[in-house]
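Scroll down for the structure; my scribbles are underneath it.
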Amino acid sequence: MSSKKPSLQEKIARLRASFVEQLPKRLAQAQQHFNLLRSDPEMNRVLAVELHRAFHSLKGTGKSFGFIDLANAADKAEAYTQQFMDLPADCTPSDWPDTLISLMHQVAAQVQILAYSDLKNDCVLDAPFFDVEETVAMRSSSHSPLVYICDDELEQVDHLACQLRCFGYQIEHFTETSAFHQAVLKKRPDAVVMDVFFPQGKTAGTDELASLKGINGQHLPSIVLSGREDFEARLSAVRAGCSAYFIKPAKPLELAAAIDDLVCDKQEEPFRILVLDDESEVAEYHSLILEKAGMLVQQIHKPELVLDALRGFNPDLVLADMYMPNCDGVEVAAIIRQVPEYVGLPIVFLSSETNRKKQFKAMQVGVEGFITKPVVPEDLVASVALRAERMRTLRGLMAKDSLTGLYNHTTTTEMMSTSLAHAIRQKETLAVVMLDLDKFKTVNDTYGHMAGDQVIVAIARLLKHRLRTTDIIGRYGGEEFALLLKNLTPEKAEALVNELREDFSKIIFNAGNRQFNVTFSAGVSFYPDYNRPEDLRMAADEALYQAKNQGRNQVVVGKDKV
């Protein structure tokens, strides 16, 4: 008979208990360092470093596991030891042993309190975590981002790794910078979480990142997770190219979001540029320049094809010749501006026209700028990239929900129409899922709106990590979400949504000293059962209402259209 796999909560409880069991031994080692330091007439600074590291470790791990009183006592001892280390030998105060003994007694008192505490029924309320029990679908795949964690506090590393694996990351951890160094040379990670302080030095962790930059020629995508808050530590992180700095213990959702930012930066989609020029050779030349810069380019040579190209290619910018037979660039720009969804699309003319009146006329219909022929390749790339980036940013602001980063209601509705049209053309299936959090008002009323936002962000993150990049996820309303699942059989779509529902229900949220779970209900409809966007949405909505009426926390598939 197989035993039940321990939950993340249980794993953390065991880690906390293991940490407490080791405390007397750690304290004895610190006492030994102190005794040697006091008896050494030359004030051996190596011993002071070891003593400082002992207090630093107690502080950091104590915070992570919720032992705040222990962490505070260790913090005071660490700070005093650091002051002691920074002073010249001839300026060391004569009463330093008495001061340090007093601080060590405070640490020892907290150790004794914990040693007699009952941790067998530890509910881990004080340790920050965000728990999802692992399922088959969540286990690391070859496509999961690889994250290296380098931290010499073993319990803390295990604790953090448990949390991050819940979000679908592959985690490898190292307690020594040398082992981390060798691993990076063998396989470059997608992201790094690095501590600052190691036995080799106060900034040994960030120094290692900087040295690897010297070898590889570029910074590793890194963030810092440290118990240090001082300027020196933060400066070392900046110089090592770290993009974020977290103080232990970090909130798992915030740390996962920072890692997402590191990973997503590398997967940025290239700018999409539509080139319109009646001279195919000229269009090809300009396209080659832009493609060499990493942009995705589509060419058309007839103005009458522009609307179809816009719908099919969805460019970030149109680069057009001003003078073409039958229909010039100004007229094409005016036609593009007639379509509401293209009102903000940047249009740039490639032209040798220098007449200010003609340029102004073009700008009156919405042309954003001119690039003078013959073009300088660097200027063309810079000008196009600048405007395309701005367009993409504006699109994101208009299309995305600010809290979750998911598509907003308007964009999701539009994508439902375009996804259905695509499914019809390609003779594929399309599943529309309407998903609603159960009793969400009670969550806000009981635990506060900040806790409610945490739930919204958590389900958004779960959906983004678990669904394919071809699927569309939108925040349809306050606690309602819409999913467009492309080319799945009804059976697979229903099984997938049910798996997401079961996993989400296992997430444990913390609000102060209280814990709670949240569930969701979902309704599913399918094309070709329904062949109009509104019919698809209404059928999914009706199935969702049925799921709510049948007791919530379930998935209902809508009936076929009669």
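Numbers below:
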read-out: Lone unmet requirement of (1) without any contact (Cβ under 8 Å) to a residue 40 or more places away in the chain; (2) open to solvent by 30 Å² or more (accessible area, probe 1.4 Å) for Tyr447; value: (1)
read-out: Neighbours by Cβ (under 7 Å, 6+ apart or cross-chain): first from segment 137-159, buried (at least 16 other Cβ atoms within 10 Å of the Cβ) and in a helix (DSSP H, G or I); second aliphatic (A, V, I, L, M) and at pLDDT 75 or above; value: Val157/Ile149
read-out: Where Asn553 falls short, out of the listed (1) modelled with pLDDT under 95; (2) polar (S, T, N, Q); (3) open to solvent by 50 Å² or more (accessible area, probe 1.4 Å); value: (1)
read-out: The listed residue being closer than 30 Å to Ile507 by Cα, open to solvent by 60 Å² or more (accessible area, probe 1.4 Å), at pLDDT below 80 and part of a helix (DSSP H, G or I), out of Glu10, Glu21; value: Glu10
read-out: Selection within segment 257-288 - small (Gly, Ala, Ser) and modelled with pLDDT under 80; value: Ala257
read-out: Number of the exception - Glu499 against (1) in a helix (DSSP H, G or I); (2) in contact with a strand residue (DSSP E or B) (Cβ under 6 Å, 6 or more places away or on another chain); (3) not aromatic (Phe, Trp, Tyr); value: (2)
read-out: Residue list for segment 417-448, filter: of a type in the set (A, V, I, L, M, F, W, C), closer than 18 Å to Ala482 by Cα and in a helix (DSSP H, G or I); value: Leu420, Ala421, Ala423, Phe440
read-out: Residue in segment 375-388 that is more than 23 Å from the chain's Cα centre (by Cα), among the aliphatic types (A, V, I, L, M) and in a loop (DSSP other than H, G, I, E, B) present; value: yes
read-out: Flag for Ala233 being of a type in the set (Gly, Ala, Ser), under 21 Å from the mean Cα position of the chain (by Cα), surrounded by 15 or more Cβ atoms within 10 Å (Cβ to Cβ) and part of a helix (DSSP H, G or I); value: no
read-out: Any hit, segment 435-447, residues being closer than 24 Å to Asn531 by Cβ and among the hydrophobic types (A, V, I, L, M, F, W, C); value: yes
read-out: Pair list, Cβ < 6 Å and 6+ apart or interchain, from segment 232-252 residues that are within 16 Å of Gly201 (Cβ to Cβ) to residues that are aliphatic (A, V, I, L, M); value: Ala233/Val196; Ala237/Val224; Ala240/Leu209; Ala240/Ala210
read-out: Whichever residue in segment 219-235 is in contact with a Leu (Cβ under 9 Å, 6 or more places away or on another chain) and of a type outside the set (A, V, I, L, M, F, W, C) and, among such residues, is farthest from Asp261 (Cα to Cα); value: His219
read-out: Test result for Glu414, charged (D, E, K, R), open to solvent by 20 Å² or more (accessible area, probe 1.4 Å) and in a helix (DSSP H, G or I); value: yes
read-out: Of all residues in segment 454-495 being free of Cβ contacts under 8 Å to residues at least 24 places away in the same chain and over 22 Å from the mean Cα position of the chain (by Cα), the one that is least open to solvent (accessible area, probe 1.4 Å); value: Ala495
read-out: Tally of residues being over 41 Å from the mean Cα position of the chain (by Cα) and open to solvent by 50 Å² or more (accessible area, probe 1.4 Å) across segment 302-327; value: 5
read-out: Qualifying residue in segment 274-288 (condition: surrounded by fewer than 21 Cβ atoms within 10 Å (Cβ to Cβ), within 18 Å of Ala385 (Cα to Cα) and in contact with a helix residue (DSSP H, G or I) (Cβ under 9 Å, 6 or more places away or on another chain)); value: no
read-out: Filter pass, Met138 being over 16 Å from Arg16 (Cα atoms) and at pLDDT 75 or above; value: no
read-out: Filter result for Lys213 (out of contact with any Ser or Thr (no Cβ under 9 Å at 6 or more places or on another chain) and surrounded by 15 or more Cβ atoms within 10 Å (Cβ to Cβ)); value: yes
read-out: Count - residues of segment 378-400 that are buried (at least 18 other Cβ atoms within 10 Å of the Cβ) and within 30 Å of Asn487 (Cα to Cα); value: 0
read-out: Pairs with Cβ under 9 Å, 6+ apart, first in segment 532-548 and closer than 17 Å to Met415 by Cβ, second open to solvent by 80 Å² or more (accessible area, probe 1.4 Å); value: Asp535/Lys561
read-out: Residue that is part of a helix (DSSP H, G or I), modelled with pLDDT under 85 and out of contact with any helix residue (DSSP H, G or I) (no Cβ under 9 Å at 6 or more places or on another chain), where the choices are Asp90, Asp98; value: Asp90
read-out: Those residues of segment 177-200 which are assigned to a helix (DSSP H, G or I) and within 25 Å of Arg228 (Cα to Cα), in sequence order; value: Thr177, Ser178, Ala179, Phe180, His181, Val184
read-out: Residue in segment 334-350 that is acidic (Asp, Glu) and in a loop (DSSP other than H, G, I, E, B) present; value: no
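So that you can scan it fast, the table gives a plain yes or no per residue for (1) of a type in the set (S, T, N, Q); (2) farther than 24 Å from Asp453 by Cα:
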residue: Arg395; (1), (2): no, no
residue: Met398; (1), (2): no, no
residue: Thr404; (1), (2): yes, no
residue: Asn408; (1), (2): yes, no
residue: Thr412; (1), (2): yes, no
residue: Ser417; (1), (2): yes, yes
residue: His422; (1), (2): no, yes
residue: Ala431; (1), (2): no, yes
residue: Asp436; (1), (2): no, no
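The values are calculated or read from the model by the stated rules, or taken from the named source; none is laboratory data. All of these numbers come straight from a predicted model, not from anything done at the bench. Positions of Cβ are generated from backbone atoms using ideal geometry, with glycine treated the same way; all protein chains shown enter the neighbour counts. For accessibility, only protein heavy atoms count, side chains too; no ligands or nucleic acids. Shrake-Rupley method; radii C 1.70, N 1.55, O 1.52, S 1.80 Å.
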